[in-house]
Every structure is written in C-alpha cells, then in structure tokens.
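The values are calculated or read from the model by the stated rules, or taken from the named source; none is laboratory data. Not measured: the values here are computed from a predicted model. All Cβ positions, glycine included, derive from the backbone under ideal geometry; neighbour counts span all protein chains shown.
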Amino acid sequence: MNSDETQFKEKAVILIKNFIWNETLVLLISVILLSSFFITISSCDQLYSIDTSTSRIKESENATEQQKKAENFAIIVVPDTQYYSQYHPEILTNQTQWIADEMVNLNVLFVSSVGDLVQNGDSISEWENVAESMTILDEAGVSWEVLPGNHDFESDGSLSNYNNYFGISNFSGKHWFGGSYPNGTNCNNFALFSGGGYDYLFFSFQYHPSDLVLAWANEIIDKYPNRRVIVATHDYLDLNGNRRHAGNHIWNGFIAPNADQVFLVLSGHMHGEARRVDYVNGYKVHQLVADYQDRPNGGNGWLRILEFFPADNKTFVRTFSPFLKSYESDTDSQFWLDFDRVNSTAPSLTPVPLQSPEPTNKPRLFPLPIPENSPNIIETEFPEQPLVLLAFGVGIAFLAVGLIFFMISGFNRIE
C-alpha cells in the first residue's frame, strides 16, 4: 500500500470519528438544553398552577345578583392602641368615632384589633379608656372584635382584665360572634359576616397561640369549609416581611394547611409596616403587619382601611388618620392586593355552638406536611422562585456551550 492510500485512509478515519463525535455532541447538547427549558417552564407553571377541580367556596345563597356584582365593602384594622389608652385616649376615641361615622359610606362590615389594647395589663384606667372608645362601635352597630397582645397580659401572666372588659359577655349576643376559646374567655375568637356575595370567617388569635388554640381553629374551619377566611393576630411578621417564630407556628399549624380558604393575615407588634405573599398549591395568602406606636402621640391615629372588591378579587389597602385628616400614600402604606386564586362554592350552613367545645383532635405538635409540589414561601409580593429556576436553566445552557468548545478543541487536536 502506497503512502497516498495510507494518508487517504487516515483522513477517512478522522472524518468518521469527527462525524460520530459531532452527532453525539449535537444529541447531547439538545437533550441538555431541552431538559433545562422544560424544567424551568414546568417549575414556573407549577408556581402559578390553577386547580379548579377543588373549588369549594361559592357565592352566598342569600346574595342577590346585584350584591354579587356591585357590593364592595371595607374592613378596618385598628393597630396597637397601647399608648392611646395610656396617654391619648382622645385619639382612639377619634378613630372609633370616625369609623362609626363612615360605616355606611364605606360599607364597613368588620373592625379588627391586632392586640396590645393597653400598655400595662394591670392598669384599670387604661382598660377603661380603651373600653370607652370601643363602645362607640357598639352604639353605631359596627361589627368588631379584639385579641390580646403581649402588653395585655397582667404581671401574673393572666388575662383577667382583658376578659373583664372584652370577655364573651360583651360579644355573646352579637350577631357576628361565632365562638371563643378557651371556654369562658374571649382570648381567641371567630366572627361570621357576609359581603359582596360571599361569606367570611374571621379568626382573632391571641399573642403566641398554643397548639391547642390552633387545634380548636382547625376544628372550627372544618365546620365552615366554604367560607373565605381572614386571620388576625398580634405577633406574626417582622419588618423585612419574614415570619417570626410565632408567625411560623401559626403558618404551619393552621394557615398553610387551610390555604384554600385562608387568604389574608393581619398583625401588629412590630413598629412599622411590611407585607409578604405566599403560594400554597396555587393559592395566594397575603400577610400584613402595621403598627404605628412609634409615631408622635402614640401613633397619630393611623388606621388601615381594607376596601374589598369581590367581583374583581382585589383589595385596596389604605392608611388613613382621622386625627390628622390625611392619608399616607407611600408603597408600604397604600397598595393593591389581588386574590385571583380564592376558592368559590356554596356557603356552610353548619351551626357552631356559641361556646366552642374543647378540641377533640390531638393538638398538632408538628406542622402538617405541605405537598412537595407546593412552593409555599415566596417573599414580599415578588415571586423569586421563577428567577432562580431561570438562572438554573441558563447555567445549564452555559455549561452546554462550554462543553461544545471543549469538544471542538479536542477535535482540532485529533486533526
């Protein structure tokens, strides 16, 4: 065999090797890129998945067509009032009087405290101040409830004064009052009301609710499986929008397992404003904190007004002071919340005893498992997970490109 034939065969072998390498490389790169693309897309779809097969909450049977289409309403939150009760009871009176005056205009269906009604739980004068101011709501026919914060406990650790001034005897005859726990107290309670064609269940949890409290709440929500649910408590979020220890306890023991109904959480305790949104199986849960006690005059009378637009599944949150006669309009104080994944089916008509029984189920000492396909921690209204997944996909793509250059350089050495 002459040298020309030998060189020809050697070149043919190199061409065949290159062809095999190139075809293998193309196939490998295609698999990597397609895999990264579908991983990223499917994960993003998972985050925003809508499962309409499990809908339970429907419009109220008692709602007229006009109500379903047109009835907007408001819930007003009265943040920590401790310094008003101690030093400026006239400001709290100004707040409740304004609510009473605007009840019809705003269609105020409910008013909620978020705890720390007083600064010193032992101070009778402070309890008398806050009780006198809140009585204005009763006189106007406004539905309302309270809950105890850490300052509402007495020096011996009890809530005797809280229950003397805001016990079940104050609420048991009210049409909105559903029940309370523990028996004989109003430390934790729930209210029932309807608006915009829907029925609502509103829980008020004491400062750092126990496992028994959450077990009770789980029993109550099971009796009303078709109501939209709001939770108010004292200590829940910090000012970075992260759940505090008590917040995680409530989240794991009650909110996340019931995220198909619970769509809003309200809290105070931390001196400022923050918010976050989490997704559980596609359901949105908005969580807010607002507390103005560090402002002049113990808070300058700032209120949170939540205006609900049920037909659009939206809520407009505004911060207003009737004392200053002004709104606070920065992005932490005025914003829209959307609830496009709130469930919808017929209202529960199951009666609940006025005094709720002790929980029959064992308390949930550990969090209920959240489905693995549920990315349930998305910080402060900005879904970060899709960006992380996108970065992951892009990283794989860059790895594939690097592999191409590496293989090409190897081919050049062969030649």
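Summary of values
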| item | result |
| --- | --- |
| Every residue from the stretch 333-349 that is at pLDDT 95 or above and outside any strand (DSSP E or B) | SER333, GLN334 |
| Matching residues, the stretch 137-176, being surrounded by fewer than 19 Cβ atoms within 10 Å (Cβ to Cβ), of a type outside the set (D, E, K, R) and within 18 Å of ASN94 (Cβ to Cβ) | ALA140 |
| Positions within the stretch 187-224 being polar (S, T, N, Q), over 23 Å from HIS271 (Cα atoms) and outside any strand (DSSP E or B), in sequence order | SER210, ASN218 |
| Filter result for VAL289 (touching an Asp or Glu at 6+ places or on another chain (Cβ under 8 Å) and either assigned to a strand (DSSP E or B) or modelled with pLDDT under 95 (or both)) | yes |
| Condition check for SER267: of a type in the set (Ser, Thr, Tyr), surrounded by fewer than 22 Cβ atoms within 10 Å (Cβ to Cβ) and in the same structural domain as LEU117 (by TED's automatic domain parsing) | no |
| Qualifying residue in the stretch 152-174 (condition: under 28 Å from the mean Cα position of the chain (by Cα) and either closer than 23 Å to ASN300 by Cα or outside the structural domain of GLY196 (by TED's automatic domain parsing) (or both)) | yes |
| Selection count, the stretch 177-186, where residues are crowded, with 23+ Cβ neighbours inside 10 Å and either in contact with a Cys (Cβ under 6 Å, 6 or more places away or on another chain) or not in a strand (DSSP E or B) (or both) | 1 |
| Test set (1) assigned to a loop (DSSP other than H, G, I, E, B); (2) β-branched (Val, Ile, Thr); (3) free of Cβ contacts under 8 Å to residues at least 12 places away in the same chain - VAL142 fails condition number | (3) |
| Qualifying residue in the stretch 212-227 (condition: touching a residue at least 12 places away in the same chain (Cβ under 8 Å) and closer than 16 Å to GLY149 by Cβ) | yes |
| Test for GLY241: is it at positive phi and in contact with a strand residue (DSSP E or B) (Cβ under 7 Å, 6 or more places away or on another chain) | yes |
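Residues are listed down the side, and each one gets a yes or a no for (1) touching a Pro at 6+ places or on another chain (Cβ under 9 Å); (2) in the same structural domain as ASN226 (by TED's automatic domain parsing); (3) of a type outside the set (Lys, Arg); (4) modelled with pLDDT of 95 or more:
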position	(1), (2), (3), (4)
ALA246	yes, yes, yes, yes
TRP251	yes, yes, yes, yes
VAL262	no, yes, yes, yes
VAL277	yes, yes, yes, yes
ASP294	no, yes, yes, yes
GLY298	no, yes, yes, yes
ILE305	no, yes, yes, yes
ARG318	no, yes, no, yes
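Here is a yes/no grid of residues against (1) part of a helix (DSSP H, G or I); (2) more than 20 Å from HIS175 (Cα to Cα); (3) of a type in the set (D, E, K, R); (4) not assigned by TED's automatic domain parsing to the domain that holds TYR165:
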site: ILE75; (1), (2), (3), (4): no, no, no, no
site: TYR83; (1), (2), (3), (4): yes, yes, no, no
site: GLU90; (1), (2), (3), (4): yes, yes, yes, no
site: GLN97; (1), (2), (3), (4): yes, yes, no, no
site: MET103; (1), (2), (3), (4): yes, no, no, no
site: SER112; (1), (2), (3), (4): no, no, no, no
